[in-house]
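S.K.: Once you've had a glance at the structure underneath, I'll fire off some questions.
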Amino acid sequence: MNTNFSLREANLNDLSLLQPVFEKSVRQTCIRHYSKRQIDAWINKASPERWKELLESDLHFIVAEDTEKDMIAGFTSINKKGYLHSMFVAPDYQRQKVASLLLKAAESFAGRHHAEFVFTEASKTAKPFFEFMGYQTERKQTVSVNQVEMINFVMKKYLSFKTVSNEDLSSY
């Protein structure tokens with residue numbers, strides 16, 4: 001098990017690296033909770049143009065890199081208001097604390113921008129992780145992705161306004 005991960009801000013040069021992490025994560029992990037049709041709709045929504053649009057938006061993307069293999073292990077995106085837009089971990093890196101590391105960095109970013117809480121629309125697959133990390137389910141919802149209905153959960157966690165120190169994120 002690798003524990004050598006570093007965090008950094010994503011940029012447009014990472015565009016071609018984020019898509020495969022997203023696709024593998026959804027295809028291999030979410031298949032337990034979503035149908036093939038739902039997964040295909042989810043993946044097809046994320047075109048290269050959409051990724052570029054997201055990277056140029058108000059979202060702050062954070063990448064976790066495997067420092068031994070020089071590969072992206074996962075990524076997350078959040079805005080200053082505390083909306084956690086995405087979090088995906090490559091299947092080979094799941095259960096290695098990558099998601100926890102990314103979430104703590106995202107929460108710290110939101111806290112530094114005085115967000116009162118972090119909220120997300122968690123998949124059925126991600127819901128137990130967010131619950132473990134202290135998030136509460138606000139509501140279950142049905143969303144339409146490329147005209148295919150899917151269930152996810154609006155979840156929220158109030159921040160204590162204690163942000164991670166610069167020393168804790170020295171590699172970020």
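S.K.: Checking the structure you have, find out if any residue of the range 57-72 is closer than 29 Å to residue 148 by Cβ, of a type outside the set (Lys, Arg) and surrounded by fewer than 17 Cβ atoms within 10 Å (Cβ to Cβ).
M.R.: Within the range 57-72, one or more residues are closer than 29 Å to residue 148 by Cβ, of a type outside the set (Lys, Arg) and surrounded by fewer than 17 Cβ atoms within 10 Å (Cβ to Cβ).
S.K.: If you don't mind, another one. Of everything in the range 22-40 that's of a type in the set (S, T, N, Q) and either part of a helix (DSSP H, G or I) or in contact with a strand residue (DSSP E or B) (Cβ under 8 Å, 6 or more places away or on another chain) (or both), which residue is surrounded by the fewest Cβ atoms within 10 Å (Cβ to Cβ)? Let's see the steps before the verdict.
M.R.: Step one: list which residues in the range 22-40 are of a type in the set (S, T, N, Q), which gives 25, 28-29, 35, 38.
Applying the additional criterion that residues be either part of a helix (DSSP H, G or I) or in contact with a strand residue (DSSP E or B) (Cβ under 8 Å, 6 or more places away or on another chain) (or both) yields 25, 28-29, 38.
Numbers: 25: 22, 28: 14, 29: 19, 38: 20.
This residue is 28.
S.K.: Moving to a separate point now. Can you tell me which residue among 54, 7 is under 14 Å from the mean Cα position of the chain (by Cα), within 22 Å of residue 95 (Cβ to Cβ) and surrounded by 14 or more Cβ atoms within 10 Å (Cβ to Cβ)?
M.R.: From the options 54, 7, the qualifying one is 7.
S.K.: For the range 126-148, what are the residues that are loosely packed, with under 13 Cβ neighbours inside 10 Å and of a type in the set (Phe, Trp, Tyr)?
M.R.: 132
S.K.: Looking at the range 22-31, which of its residues are among the basic types (Lys, Arg) and more than 14 Å from the chain's Cα centre (by Cα)?
M.R.: Within the range 22-31, just 27 meets the criteria.
S.K.: Would you call residue 121 closer than 17 Å to residue 26 by Cβ and within 12 Å of the chain's Cα centre (by Cα)?
M.R.: yes
S.K.: Name the residue that is modelled with the lowest pLDDT, counting only residues in the range 65-89 that are out of contact with any Gly (no Cβ under 6 Å at 6 or more places or on another chain) and among the aliphatic types (A, V, I, L, M).
M.R.: Top of the filtered list is 71.
S.K.: Follow-up. Give the range 1-53 a look and list any residue that's among the hydrophobic types (A, V, I, L, M, F, W, C), touching a Leu at 6+ places or on another chain (Cβ under 9 Å) and either over 15 Å from residue 146 (Cβ atoms) or at pLDDT 90 or above (or both), or say none. Working first, answer last.
M.R.: Within the range 1-53, the first condition is being among the hydrophobic types (A, V, I, L, M, F, W, C), and the residues that meet it are 1, 5, 7, 10, 12, 15, 17-18, 21-22, 26, 30-31, 39, 41-43, 46, 51.
Adding the requirement that they be touching a Leu at 6+ places or on another chain (Cβ under 9 Å) leaves 5, 7, 10, 12, 15, 18, 46, 51.
Correct list: 5, 7, 10, 12, 15, 18, 51.
S.K.: OK, next. Please work out if residue 19 is more than 14 Å from the chain's Cα centre (by Cα), in a helix (DSSP H, G or I) and not aromatic (Phe, Trp, Tyr).
M.R.: So residue 19 fails the test.
S.K.: From the list 100, 108, which one is open to solvent by 20 Å² or more (accessible area, probe 1.4 Å), at pLDDT 95 or above and of a type in the set (S, T, N, Q)?
M.R.: Of the residues listed, the single one that is open to solvent by 20 Å² or more (accessible area, probe 1.4 Å), at pLDDT 95 or above and of a type in the set (S, T, N, Q) is 100.
S.K.: Which residues, taken from the range 113-144, are hydrophobic (A, V, I, L, M, F, W, C) and either under 15 Å from residue 85 (Cα atoms) or modelled with pLDDT under 95 (or both)?
M.R.: Within the range 113-144, 115, 117, 118, 119, 122, 126, 130, 143 qualify.
S.K.: So, one more: Only one of these conditions is not met by residue 154: (1) free of Cβ contacts under 8 Å to residues at least 12 places away in the same chain; (2) within 19 Å of residue 76 (Cβ to Cβ). Which number is it?
M.R.: Of everything listed in (1) free of Cβ contacts under 8 Å to residues at least 12 places away in the same chain; (2) within 19 Å of residue 76 (Cβ to Cβ), residue 154 misses just condition (1).
Residue-wise test of (1) touching a strand residue (DSSP E or B) at 6+ places or on another chain (Cβ under 8 Å); (2) among the basic types (Lys, Arg); (3) outside any helix (DSSP H, G or I).
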site	(1), (2), (3)
52	no, yes, no
65	yes, no, yes
80	yes, yes, yes
86	yes, no, yes
96	yes, no, yes
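The values are calculated or read from the model by the stated rules, or taken from the named source; none is laboratory data. Predicted, not measured: the structure shown is a model, and the values here were computed from it. For neighbour counting, all protein chains shown are included, and Cβ atoms are generated from backbone atoms with ideal geometry for every residue, glycine included. Heads up: the accessible areas ignore ligands, DNA and RNA and are worked out on the full protein's heavy atoms, side chains in. Shrake-Rupley method; radii C 1.70, N 1.55, O 1.52, S 1.80 Å.
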